[in-house]
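Colleague: Got a structure for you, questions after.
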Amino acid sequence: MKRIFLFLVIFTLFAIGFAAAENLKPNRAFEGAPPTIPHSVEGMDDCLICHKEGVGKAVKTPHPERVNCDQCHIAQ
Ligand code: HEC
Ligand code: HEC
């Protein structure tokens, strides 16, 4: 019984560790590279609805004049 408990604790710690590592992964190939898109793009034709002014948690685009986002930003 004790062993099962120990196993569960270790397993949980591993799971949390992996989840944290996944979150820390950079979404840029290098400093200054266009970040990949961390969300689904299905049905989103107008990226600027959110990214022009930074609606909600959306990151404000530093370059609203570049219209064809998918030319540089890749969905993951
Ligand atoms: C409904 C609002 C909304 C729309 C529409 C939208 N996004 Fe986003 N976007 C967000 C939010 C919120 C985030 C913040 C992070 C997240 O989702 O994890 C984000 C994050 C991003 C990032 C990452 C920025 C960074 O610095 O890491 C990129 C790149 C991006 N979006 C590109 C796009 C592109 C390209 C489109 C159009 C196909 C688009 N987004 C449409 C809300 C939106
Ligand atoms: C010509 C290539 C190109 C196009 C087209 C483009 N981007 Fe970008 N984008 C970049 C690059 C390069 C960066 C990284 C800039 C930096 O880190 O200084 C970037 C960064 C971003 C960021 C992150 C800003 C931050 O501070 O983290 C967002 C959000 C974004 N772009 C959204 C968009 C949206 C929305 C569109 C379409 C309306 C778009 N981009 C079109 C090249 C492009």
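Bear in mind that the values in this text are calculations on the coordinates, not laboratory data. This one's a predicted model, so the numbers in the text were calculated from it and none came from an experiment. Every residue, glycine among them, receives a Cβ derived from its backbone with ideal geometry; neighbour counts consider all protein chains shown.
Colleague: If you take the beta carbon distance between residue 68 and residue 12 as r and set R0 to 30 Å, what does 1/(1 + (r/R0)^6) give as a FRET efficiency, to the nearest 0.05?
Modeller: Values: r = 44 Å, r/R0 = 1.48.
My answer for the efficiency is 0.10.
Colleague: With all distinct Cα pairs included, what does the Kirkwood hydrodynamic radius of the chain come out to in Å, to one decimal, could you say? Intermediate results must be reported in sequence, preceding the final value.
Modeller: Values: mean 1/r = 0.0648 Å⁻¹.
Value: 15.4 Å, from the Cα pair sum.
Colleague: Work out, step by step, the length gained on full extension between residue 55 and residue 36: first 0.36 nm times the residue separation, then minus their alpha carbon distance; give nm to one decimal.
Modeller: Once the chain is fully extended between residue 55 and residue 36, it gains 5.0 nm.
Colleague: Would you mind checking the tilt of helix 2-24 against the longest principal axis of the Cα atoms of the chain, expressed as 0 to 90 degrees and rounded to 10?
Modeller: The angle comes out at about 20 degrees.
Colleague: What residues have an amide H closer than 5 Å to that of residue 37, excluding those fewer than 5 places away on the same chain, when H is modeled at 1.01 Å from N in the peptide plane?
Modeller: Placed amide hydrogens put 74, 75, 76 under 5 Å from residue 37.
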